Every structure is written in C-alpha cells, then in structure tokens.
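Q: First the structure, which I've put down as structure tokens, then a few questions once you've had a look.
The values are calculated or read from the model by the stated rules, or taken from the named source; none is laboratory data. Only a predicted model underlies this, so the values are computations on that prediction, with no experimental measurement involved. Cβ coordinates were reconstructed from backbone atoms using ideal geometry, including for glycine residues, and neighbour counts include every protein chain displayed. For accessibility, only protein heavy atoms count, side chains too; no ligands or nucleic acids. Shrake-Rupley method; radii C 1.70, N 1.55, O 1.52, S 1.80 Å.
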Amino acid sequence: MHEETHAVTRIGWLRAAILGANDGIVSTASLIAGVAAAGASASSILVTGTAGLVAGAMSMAAGEYVSVSSQGDAEKADVELEKRHLAADPEFELEELTQIYEQRGLDRALAQQVAAQLTAHDALDTHLRDELGMSREMAARPIQAAAASAASFTVGAALPLATVFFDRGASLPWTVSAASLLFLALLGALGARAGNAPMLRPVVRVTFWGAMAMAATIAIGSLFGAVAA
C-alpha cells in the first residue's frame, strides 16, 4: 500500500518543541557562561542555572499558551464571520468559491461544478479551507503548544546545567559553551529530521546564533568580573 506521512501534521507541536529546546539550551548556557566568567562560586552558578530553567520553562509555557490562544480566537472569529456570510448571501459565496478554483487552473464550467458539489457537501469547511487556508492540521492548540514548549525547554536547559557538575573550575564558561554547541547541533539535526528537511542549514543556523549569544554573555561576564575585582 502507498503511504504518505507529511511533516505538516506535526507542525503544531514540532515548532513549539524546537523553539523551547533551543531557547532552553541557549538561554541557560549563556546564563551559566556569563555568571561563571564573572567569577561566581559553583553554588551560585548552580542556583542561577536552576532558577533560569524553572523561570524559562514557565515563561515559555505561558507565552505559547497566550500567543496560540490569540491565534485560536482569531480563527474562531473568522469561522463565525464566514457562517454569517454563508447565511446572508450564499450565491455570492458560491461565486467566490468558483473564482478561487478558476484561479487555481480549472475552467469556468468545471470550477462551478466543483464549487457547487463541495458547497452541498460542507459549505463552511470548504470556505475555511479554500478561501481562508484553515485546516485541522494548522488549527491552534494552545495546551499542546504550551506543554511541548515547557517540556522541551526543561530538557534543553537541563543539558548545559548538567555540565556544572562536571566542571566547576575557571574553564566552565568554555566547557558549557562547547557542550551546548554540540547539543544545539544535535537539536538542529533532530528538528530537520522530524520536519523531513536537509540537515546542514538548520545545524549551521542554530549553532551560529547559539555561539553568538554565549560569546556575548561571556564577554559581559568577564567585563563585570574584572570591574568587580
């Protein structure tokens, strides 16, 4: 049997998971690297990293829930608007659908026939999909997005935080940065694989920006450490 598995069916949770894991690695690693470069004690670094993990996970969950809920509110408003249009002027809506199919390459007669049959089958669903581009795969799912983002942030942040237990010396800023760049490269590869995309560009993209963030915080931490000394 011919089977097809498209990445678009995973786009809702995949986007939130990749964003959360990336943010968890970059923000926590940068925080640890910056504080360590400033000369903080191992216990202070551990507390700072743990606090960053908890605060970041909660912030990501709340941010995703609010933003995706706003998307859901807009979708519901469009659904209600389309219902009113269909009830008030069904002939205009049928013509609108016909013109959409004409623009996609059907001749006038066939476009009218397709529009009429799909309208008879499910007018609202047809207009939402073909006029507004709304589908079940792309529908807003706030709880799913919030949970995926918080969980992935926690996992991502735990990776650089774990390096504190292996290196508590002056080399910690470089150790956590190197380890985190490796984690980011793996994340980019996993995200590309889950999305059925080539791996090179995502890996380069995510490691480049992660390196920039950690370099900036190490520089700031070193500066403040030197001033405090």
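Q: May I ask you to give the solvent-accessible area per residue for the chain, in square angstrom, as obtained with a 1.4 angstrom probe?
A: Accessible area per residue: 57 Å².
Q: I'd like the GluC sites (Glu not before Pro) in region 90-121 restricted to DSSP loop residues with at most 10 other Cβ atoms within 10 Å, sorted by number.
A: Sparse-neighbourhood loop GluC sites (Glu not before Pro): none present.
Q: Dipole size in debye (nearest 20) for the chain around its Cα centre, Lys and Arg Cβ +1, Asp and Glu Cβ -1?
A: Values: 14 positive and 22 negative charges, 313 e Å.
Dipole of the chain, to the nearest 20 debye: 1500 debye.
Q: How high is the relative contact order of the chain, in percent, counting Cα pairs under 8 Å that sit 6 or more residues apart?
A: 43 percent
Q: Here's another thing I want to ask about it. Where Lys and Arg each count +1 and Asp and Glu each count -1, what net charge lies around residue 185 among other residues with Cβ under 14 Å from its Cβ?
A: Here the count lands on +3.
Q: When each pair of different Cα atoms in the chain is counted once in the 1/r mean, what is the Kirkwood radius in angstroms, to one decimal? List each step's numbers first, then the result.
A: On the way: mean 1/r = 0.0483 Å⁻¹.
Its Kirkwood hydrodynamic radius stands at 20.7 Å.
Q: Then there is this: Would you kindly calculate the translational diffusion coefficient of region 97-229, applying Stokes-Einstein with the Kirkwood radius from alpha carbon pairs, for 37 °C and a viscosity of 0.692 mPa s, and quote it in µm² s⁻¹ without decimals? Before the final figure, lay out the partial values.
A: Details: Rh = 19.6 Å.
This corresponds to a translational diffusion coefficient of 167 µm²/s.
Q: With all protein chains present, how much of the accessible area of region 19-65 (probe radius 1.4 Å) comes from carbon and sulfur, to the nearest whole percent?
A: Using a 1.4 Å probe with all protein chains present, region 19-65 comes out at 73 percent carbon and sulfur.
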